[in-house]
Structure formats: C-alpha cells, structure tokens
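Chemist: Starting off with a structure, shown below.
The values are calculated or read from the model by the stated rules, or taken from the named source; none is laboratory data. Owing to the predicted nature of the structure, the values given are computational and were not obtained by experimental measurement. As a convention, Cβ positions derive from the backbone with ideal geometry for all residues, glycine included, and neighbour counts pool all protein chains shown.
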Amino acid sequence: MSLNGKFALAEVGAPITAKGMNSYNIGWRGRKEYLLHNAGAHESPPGSIAFDEGQSCLFHFRHKNSEIVGEFITSTPDFNDFRPMDRADVVLYGLWTEDMESAHRIPRHEEFLRYFDPGCTGKLAYVHEYPSGRVQHFTIGRKVETDDQELSELINSLDPDKGPRVVLANSEKAIREIVQTSLGMHLWPIEMEPIVPYE
C-alpha cells in the first residue's frame, strides 16, 4: 500500500542525517522505513519537541524528490488505532494564538509555516473572530482574501489534491465550530501540534 497523500501513525526510529539536514528515520507499523522531512523543526534545541525512539506520532506522507517523506502533525494523537486515511477525508485544524508572531492581523502563508508544517502547498482557510464576536472567513495563499462562504463551503473549496485541507482559527469557539462542521461533512478533524520556529 502506498502512503503517498495519506495520514498514518509511525514510530520514530533512530536519528539520521540526510541530505545536509537533520532528519529522522521512521518506520510505519514496523514495516518499511520512511524519511521524516521536517523533523529538524522538532528537535531539541531549537524546536519544542524531542522525539523519543519508538514514540508513535501522526504524519502526513507524500512524495518528495522520489522519496516518501513524513510531515509531522502531532506527537499526541487522541486515538490509539488509526488506520491510514486519505487526505481528502481529513481536515487539519490549528489554533493561531496571540504569541504567534505575525506582522499582519491575518497571518500570511509563510508565517503559518513557521508554526505548522503539514506539507500544505495549496491555500488554507482562516476563521477570525473579532472582540465584538463577529466572525470573518479568509483564504490564505499567495495573498489573503476575504471569503463570504459558509464554513462548510470554505472547507470544501480547499483542494486535497494540492495538499491537506487546513483551517486555522484565532479562538476556541471557532475551533469548536471547525470540528463540528468537519464531522457534519463526514470528514475527520485532526488538531495540528504547533512547533517552535527557527530564529
């Protein structure tokens, strides 16, 4: 079975160095070993997560330069038995907190990648709740655009052929709405674990 374009649990293996970058060798269910592409962001120091050998984490797998690479999603999946799922069946969500640095009210794509790196090459969605309680939707790609669609339509507009469906929000209330809307669309919502960016 090919893991390209799928989410799967994997056990972290022994640290290796590959192609001039810090990386990790990992194995999926004790079978073939795959290259974890963005592990350098999760080392200690300077990252926020120090993987332990044998630790089970969730990754998004994809082809990169003729290899299968795993993009880190979370080290604390809230499920014990997770079968590989196609990215068309999953919605990744994350909370954009006040301490995450951004030069803009709505984060840009490159700013998002400093804190989350799930292998997202297409646009992503952002739900912004103002202090007044008003909610506004945005799409973030090469530029930030307002989007007047309902949340379900906004999620549906994200193309899983270009990468995982990703929705960010700046409030817990909006996160709950993302989860409930995703479930109502028969999609599996999975929370992304933020990483500490390189300085």
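Chemist: From the list Val144, Val167, Val127, pick out the single residue that is more than 25 Å from Phe7 (Cα to Cα) and of a type in the set (Val, Ile, Thr).
Modeler: Residue meeting the stated conditions: Val144.
Chemist: Only one of Lys162, Lys143, Lys173 is more than 17 Å from the chain's Cα centre (by Cα) and touching a residue at least 12 places away in the same chain (Cβ under 8 Å). Can you tell me which?
Modeler: Residue meeting the stated conditions: Lys173.
Chemist: Looking only at residues in the stretch 95-115 that are outside any loop (DSSP other than H, G, I, E, B) and of a type outside the set (Phe, Trp, Tyr), which one is modelled with the highest pLDDT?
Modeler: Result: Leu95.
Chemist: Would you mind telling me which numbered condition in (1) in contact with a helix residue (DSSP H, G or I) (Cβ under 6 Å, 6 or more places away or on another chain); (2) modelled with pLDDT of 80 or more Leu92 fails?
Modeler: Evaluating Leu92 over (1) in contact with a helix residue (DSSP H, G or I) (Cβ under 6 Å, 6 or more places away or on another chain); (2) modelled with pLDDT of 80 or more leaves (1) as the failure.
Chemist: Related question: Mind checking whether some residue in the stretch 105-127 is of a type in the set (Ser, Thr, Tyr), more than 24 Å from Ser75 (Cα to Cα) and without any contact (Cβ under 8 Å) to a residue 60 or more places away in the chain?
Modeler: No, there is no match, as no residue in the stretch 105-127 is of a type in the set (Ser, Thr, Tyr), more than 24 Å from Ser75 (Cα to Cα) and without any contact (Cβ under 8 Å) to a residue 60 or more places away in the chain.
Chemist: Could you please give the count of residues in the stretch 89-113 that are of a type in the set (Gly, Ala, Ser) and over 17 Å from His137 (Cβ atoms)?
Modeler: 2
Chemist: Let me ask something else. Within the stretch 163-199, track down each residue that is surrounded by 13 or more Cβ atoms within 10 Å (Cβ to Cβ) and out of contact with any strand residue (DSSP E or B) (no Cβ under 9 Å at 6 or more places or on another chain).
Modeler: Val196, Pro197
Chemist: Considering each of Arg108, Arg134, Arg114 in turn, give the residue that is of a type outside the set (Ser, Thr, Tyr) and either closer than 26 Å to Leu3 by Cα or in contact with a Phe, Trp or Tyr (Cβ under 9 Å, 6 or more places away or on another chain) (or both).
Modeler: Arg114
Chemist: With the condition being among the acidic types (Asp, Glu), I'd like the strands (runs of 3 or more DSSP E) fully within the stretch 119-199 carrying at least 2 qualifying residues.
Modeler: So the answer is 144-147.
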